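The values are calculated or read from the model by the stated rules, or taken from the named source; none is laboratory data. Remember, it's a predicted structure, so these values are computed and weren't measured experimentally. Note that each Cβ is placed from the backbone with ideal geometry, even for glycine, and that neighbours are counted across all protein chains shown. Please note that ligands, DNA and RNA were not included when accessible areas were found on the heavy atoms of the full protein model with its side chains. Shrake-Rupley method; radii C 1.70, N 1.55, O 1.52, S 1.80 Å.
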Amino acid sequence: MTNQNDDDRVNGGRHRPVPAPVAGALRWHRAITGAITDAARKRRIADERLATMASVEVGETPNDVVYTENKLRLRHYHALTETQHDVPILVVYALINRPYILDLQPSRSVVRRLLEAGHDVYLIDWGEPSQLDASLGLYDYVERYLDNCVDVVRDRADRASINLLGYCMGGTLATIYAARHPEKVETLGLMAAGLYFDDTGGILELWGDEQYFDPRALTETFGTVPAEFLDAGFALMDPVANYLTKYVHLYDRFDNEDFVENFARMERWLADGVDVAGEVYAQFLEDIYQDNRLSRNELTVGGEPVDITRLDMPVLQIVGEYDHLVPSEASLGFNDAIPADVTVVTYPTGHVGMSMSEAAHRDLWPEVAEWFFERSGVPSFADVIGEGLEEVLGVDVETDVTQGGADEVEIRIADDTGLLARGVVQRDARAIRAFVEDALDIEVRIEEGAGGIVVQVRSDDTTGTAVVSGIGAAISEEIAEAAENVDIAVATELEDIEGIGPTYAGRLREAGIGTVVTLAAAEPATVADAADATRKQSRRWIAAARELVDKVGGGDATPTLETVDGIGSTYAERLRRAGIRSVADLADAAVDAVAAAADVSVDTATDWADRAEALERRDDE
């Protein structure tokens with residue numbers, strides 16, 4: 001037996017290098033052996049992976065079709081939070097492909113991200129036109145279908161205007177609509193929208209140039225433009241990636257079941273194309289791509305001008321840094337032509353990646369959801385108090401609805417020295433007022449005045465008054481009522497709550513729960529820990545405090561719908577519009593009617609009815 005030292009002596013103390021041809025053959029042999037082994041392993045799981053690919057589900061977020069017209073379906077998605085933002089979002093999808101790319105799977109669903117943030121979401125599913133629809137043009141899609149959908153959503157939400165979010169060609173249609181009907185559009189969100197074509201549209205603009213392509217020749221031949229024609233065109237923009245590379249990637253990651261499922265969902269969507277009505281296709285190519293009439297403010301729809309100078313609502317432009325279908329320049333070049341305050345979000349992804357990539361759902365969509373919260377709707381109680389504090393105390397107050405629910409608000413208070421306080425509280429008057437009073441050691445009083453809402457601030461150092469105006473009659477009434485409710489509770493001591501004696505009250509005050517208002521805004525676990533009481537006791541105390549706060553004028557006022565646990569202002573308003581105006585009405589109503597009125601499940605409606613009956617029994621006692 002020899003060892004390494006024996007070999008070294010034989011070779012003169014040196015390693016003899018393996019001849020290059022032999023080394024190459026050995027590497028080749030190892031590579032081939034590894035490939036054969038890998039192929040054998042993947043062959044064993046091939047049937048399982050193919051079955052997985054064939055069984056994937058898409059578009060699973062629960063929804064109801066609330067309006068139909070021709071092939072169109074307007075979908076309303078079930079809420080995922082207890083309360084929703086007052087201003088709904090209508091998603092305007094493109095006329096090409098199916099809209100479930102925006103709801104591909106739960107972890108990669110634009111629809112779910114908006115719902116999880118507390119938005120009320122609708123989506124237009126255009127369906128697939130038949131040859132009978134070949135003559136449908138921009139007028140039909142904008143002034144008939146889209147306008148009708150907007151009116152349905154406005155009516156269901158009882159809003160004069162709503163938010164629009166348009167994707168790709170849907171963004172172009174939404175922009176045209178907003179210019180034609182700005183009074184119905186609260187904000188305009190655009191994803192990869194083709195709006196400005198002046199040598200900015202990349203290869204599609206080049207292919208669609210009038211010297212190379214006549215869309216009328218295609219539509220006169222086929223009527224509706226075949227999905228296969230459109231799919232082939234998009235695939236040929238990057239043929240190596242679309243016909244070869246992606247399948248190599250699939251083979252390399254065949255062991256990864258999640259990757260295979262994602263791949264299958266994406267392939268299903270790519271293969272699930274729809275034809276496009278010939279007239280709207282031709283008009284889109286001629287007027288928007290070839291002649292750039294939209295950005296030049298020369299476009300007409302049905303003989304009526306599309307005046308983009310009327311686009312004065314907040315606009316969000318979401319563009320992909322690597323989008324080769326609609327390059328960012330084809331979207332952003334439009335910004336200089338309109339008077340709107342435009343927010344631009346550029347994300348390092350492609351045309352489809354912005355809606356289905358894991359990173360986009362982590363980074364991009366929470367930002368988009370927050371933008372809609374900040375730019376739409378009416379001032380809140382927190383906004384009014386904040387403006388008053390800014391004027392009287394000279395501090396800076398910022399309020400933002402939090403991600404994950406429209407029923408919470410983040411409040412940040414700062415001055416020249418830096419951040420003074422920051423907190424996330426329930427989006428109601430009692431919690432907001434308690435937070436700012438505790439944070440700044442002040443007393444705040446709110447009342448309705450002739451010129452607006454009067455905010456009075458008292459502290460050891462100063463006393464001042466500010467008048468917050470320009471907030472509208474409806475919100476003014478709401479804030480005035482909320483202020484009155486808070487003032488009633490302020491006059492009540494903790495010891496006035498049944499079951500809270502001096503000992504419990506002292507413990508609560510030591511923990512910072514010093515008033516009925518702060519008790520009403522607290523969580524049961526927090527109260528139980530602070531008072532060293534049971535959860536059952538704390539829930540009873542909180543319910544009593546909330547009932548006091550919700551009473552207007554004190555005394556024997558009838559409990560409002562909002563006193564029923566789980567019913568916020570949005571649900572309460574929906575119930576009132578359906579004639580269910582009190583807790584007694586709710587207790588007597590059929591659960592099916594309650595579910596339909598509030599747009600909730602029957603199980604939720606049953607829970608509300610049970611709680612309403614319990615409140616009624618307690619009042620009778």
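Odds and ends about this structure:
- Area of Ser328 that stays accessible when all protein chains are in place (1.4 Å probe, Å², to 10): 30
- Length gained on full extension, Gln131 to Glu510, computed as 0.36 nm times the residue gap minus the Cα-Cα distance: 129.0 nm.
- All other residues whose Cβ lies under 9 angstrom from that of Val527 are scored, Lys and Arg at +1 and Asp and Glu at -1, for a net of 0.
- Tensor-based shape of the range 134-197 (alpha-carbon gyration tensor, a/c under 1.5 rounded, otherwise prolate or oblate): oblate
- Modelled spin-label separation between Thr465 and Glu286, with each label point placed 7 Å from Cα along the Cα-to-Cβ direction: 6.6 nm.
- Using a Förster distance of 22 Å, the FRET efficiency for Asp155-Asp592 (Cβ separation, nearest 0.05): 0.55
- Ranking by accessible area, most exposed first, for Cys149, Cys168 with a 1.4 Å probe: Cys168, Cys149
- Prolate/oblate/rounded call for the range 277-335, Cα gyration tensor, a/c under 1.5 rounded: oblate
- Gain on full stretching of the segment that runs from Phe213 to Asp415 - 0.36 nm per residue minus C-alpha separation: 66.6 nm
- Virtual spin-label span in nm between Asp312 and Glu370, 7 Å along Cα→Cβ: 2.9
- Applying 0.36 nm per residue to the separation of Asp199 and Arg422 and subtracting their alpha-carbon distance, the gain on full extension is 75.5 nm.
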